[in-house]
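A.B. asks: I have a structure here, written as structure tokens, and I will follow up with some questions on it.
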Amino acid sequence: MGLVPLTAVAGGLLALLIGLAFTMLLWSIIGLGESTAADRHAQAALAQARTVEGLVVDLETGQRGFVITGEKQFLEPWQTARTTFSGQAQQLVHLSTTAAQRALAQHIRQAGESLIHDYSIPLVAAASRGDPRAHGVAATLEGKRRVDALRKQFDRYDSTQQTLIAARESAANTDAREAVVAASIGLAGSMLLIATFAGYVIRAVVWPVRRAADVASRLAGGDLSVRMPETGRGEIGQLGTAFNTMARSLEESREQARHARKRLELLYEAGVVIGTTLDAKQTAQELVRVLVPRFADFVTVDLALPVLLVDEPPAGHGAWARRVALGGVRDDSPLDPVDSQIALATGSAGATVVPDLQASPVWQAHHGDQARTLLDYGMHSLITVPLYSRRTLVGAIGLWRAQNPSPFGEDERSDAEEIAAKAAVAIDNALSYAREHDTALTLQRSLLPRSFDPPGRIEIAHRYLPASDASEVGGDWYDVVAVTADKAALAIGDVMGHGIPAAAVMGQMRSTLRALVRLDLPPDQLLHHLDQTMQDLDGPILATCLYGVCDAAANRCRIARAGHPPPALITPDGTARLIDLPPGAPLGIGGISYTTTEIPVAPGTVLVLYTDGLVETRDHDLDERLAELTHLLAGTHPSLDELADTLINRLAPTPAQDDIALLIARVGTPPPG
């Protein structure tokens, strides 16, 4: 066979081998592309699952906030989550890549819709009606069970989806390795056939293919920064370009996914952490802890003076605020410290971004000499976000970057506005809570007597301790009225309910009782008239009351009670006991008769009247608390004020869970020694 036929045969075989090698290689590239597309589809399903899970979180947070506080602001995220959940969940079913994942996504959609229609909507409706079952343990546990079950399904979906992604990446890697093997065999055969042509094949085909295999392996291993040289000719050059394009696309996708995940994590944590207490300054500090250093290097929170119940300075322009929180990666920042008064800009309803402070003459002119100090310190980028709640400016957040070299951008602006909106609602709730607490407490104290003028032979001590929670400040009251020179009427009561309405009813009861005392009625008849008065008030209102008339000259007390805790008695020798009286029913029920009990009292006998806040706690049995009360009362007590302080210090829980009223009377003068 001549050289030409041999060359033709060798060339034909070489062409066949090369064709087969490239066919396998192109098949691998196609498979790798399909795997990449499938991976993107799987990543989209994973991101959609987290979006749906976020709706469940918003639904749970909104309904929980509304049930606890009754504030309708919490229903806004709840309503959004409720209306969009079904569509987002159906999108998750559509994006799921396997039948098993679609089935699981369908289960998630059904469970979420069941949570919304069978639990969340009825719960919010019950809370809106004031149904106490909405606040009950059963409702809370049912919600926790449903949400926990949904979270387990989300975790299972996430885990399975991650496994599918890993499997596709492994398949792509296998395809690449098989292509390398096929190409190597073809090239080896070509080297045996034509030595001269082999050098060209090795240089032009084998080495680039091996580089491509190495790049593919490193890509499959997660190193998306690797690149192929694009110096080859023809298909080899195209292969390098395709590999590099694919690597850049994967790197950009992973970076976008990582950035989106960090944003979602920050927003989720902000929604969970901010507003855990009804204290505006504590909420501001929570906001600082969430944002430093993940979002900003330094964070300031300023609250408007009017919402802090502080008068604005007469001089200056615009609103004024007080700095309530400051935090950063360092402790030596030149920013104004906490409690400083800050001029509050009112011109913009949204966030203001200054990406480069050095290049912003407007910002530098506004801050004057302080601008140079901040720039010298390293501050280079700023976002200022106003805090609006119910269209009222309640403050502003300042977000600064110094150590982080990246300037703030539009994504950060959007995140800052969303976090600020949540913080503004939480701060407004806290401020409303403080104002309600102060108003209820001021009203109640204004209605309670500040001092008494008892008969000369009756000694009085009294205490009042308000509940620490504004929603628990109620209608506890007491009064002492001198009837004659030796006789006094003692009364103590508790209006069922809390807040300003209970305090108002308490004032009406006390005024009515003082008018009835002048008639010198027996205790049972006086309670009967009080009961009729309570029935004339608007709405079904109940109250407990203990009323007694102590006669120091006759050495007796006549007492009746209407559903109130029993009084305690301390004899002159120091023996303490609870007085056994017919309990009676609370005032306001109607048609109930009360019983007067006459108790002999030796000179120096001490009567102790109190409301349930002194002896009732959530963590202790009532009988145990009453036993502790009588134990503290045992003995002689020369000073009734010291006795009152002892009872408050030893029995009152901290913080006070309910109002506490305490009235102590010593009847007569004990015989000399």
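A.B. asks: If you scan the range 590-602, which residues turn out to be touching a Leu at 6+ places or on another chain (Cβ under 7 Å) and either touching a residue at least 40 places away in the same chain (Cβ under 8 Å) or under 15 Å from Gln532 (Cβ atoms) (or both)?
C.D. replies: Tyr594 - this is the single residue of the range 590-602 that is touching a Leu at 6+ places or on another chain (Cβ under 7 Å) and either touching a residue at least 40 places away in the same chain (Cβ under 8 Å) or under 15 Å from Gln532 (Cβ atoms) (or both).
A.B. asks: Yes or no: the range 344-352 includes at least one residue that is under 27 Å from the mean Cα position of the chain (by Cα) and either modelled with pLDDT of 85 or more or on the phi > 0 side of the Ramachandran plot (or both).
C.D. replies: Yes, the range 344-352 contains a residue that is under 27 Å from the mean Cα position of the chain (by Cα) and either modelled with pLDDT of 85 or more or on the phi > 0 side of the Ramachandran plot (or both).
A.B. asks: Do you know which of the residues in the range 107-128 that are small (Gly, Ala, Ser) and either over 30 Å from Ile165 (Cβ atoms) or touching a residue at least 60 places away in the same chain (Cβ under 8 Å) (or both) is surrounded by the most Cβ atoms within 10 Å (Cβ to Cβ)?
C.D. replies: This residue is Gly112.
A.B. asks: Checking the condition under 14 Å from Phe154 (Cβ atoms) and touching a residue at least 60 places away in the same chain (Cβ under 8 Å), which residue from Leu55, Leu59, Leu20, Leu104 passes?
C.D. replies: None of the other options fit; the residue is Leu59.
A.B. asks: In the set Pro355, Pro337, Pro361, which member is closer than 21 Å to Arg289 by Cβ and in the same structural domain as Asp415 (by TED's automatic domain parsing)?
C.D. replies: Pro337
A.B. asks: Oh, and also: Report, ordered by the first and then the second residue, all pairs with beta carbons closer than 8 Å, sequence separation of six or more or different chains, a first member in the range 80-96 that is closer than 14 Å to Leu115 by Cβ, and a second member that is assigned to a helix (DSSP H, G or I) and among the basic types (Lys, Arg).
C.D. replies: Taking only residues 6 or more apart or on different chains, the pairs are Ser86/Arg109; Ala89/Arg109.
A.B. asks: Looking at the structure I just gave you, is Asp531 at pLDDT 90 or above, of a type outside the set (A, V, I, L, M) and surrounded by fewer than 19 Cβ atoms within 10 Å (Cβ to Cβ)?
C.D. replies: Values: at pLDDT 90 or above: yes; of a type outside the set (A, V, I, L, M): yes; surrounded by fewer than 19 Cβ atoms within 10 Å (Cβ to Cβ): no.
No, not satisfied.
A.B. asks: Here's another thing I want to ask about it. I need a count of the residues in the range 25-40 that are at pLDDT 70 or above and either hydrophobic (A, V, I, L, M, F, W, C) or in contact with a strand residue (DSSP E or B) (Cβ under 6 Å, 6 or more places away or on another chain) (or both).
C.D. replies: Looking only at that region, the number is 6.
A.B. asks: I'd like to know if the range 106-122 contains one or more residues that are farther than 19 Å from Glu60 by Cα and modelled with pLDDT of 85 or more.
C.D. replies: Going residue by residue through the range 106-122, those that are farther than 19 Å from Glu60 by Cα are 106.
From the residues that got through so far, the ones that are modelled with pLDDT of 85 or more too are 106.
The answer is yes, given that some residue of the range 106-122 is farther than 19 Å from Glu60 by Cα and modelled with pLDDT of 85 or more.
A.B. asks: Confirm whether Ala296 is modelled with pLDDT under 85, surrounded by 14 or more Cβ atoms within 10 Å (Cβ to Cβ) and in contact with a Lys or Arg (Cβ under 8 Å, 6 or more places away or on another chain).
C.D. replies: Spelling it out, it is not the case that Ala296 is modelled with pLDDT under 85, surrounded by 14 or more Cβ atoms within 10 Å (Cβ to Cβ) and in contact with a Lys or Arg (Cβ under 8 Å, 6 or more places away or on another chain).
The values are calculated or read from the model by the stated rules, or taken from the named source; none is laboratory data. As the structure is a prediction and not an experimental result, all values here were calculated from the model. All Cβ positions, even for glycine, are placed from backbone atoms using ideal geometry, and neighbour counts span all protein chains on display.
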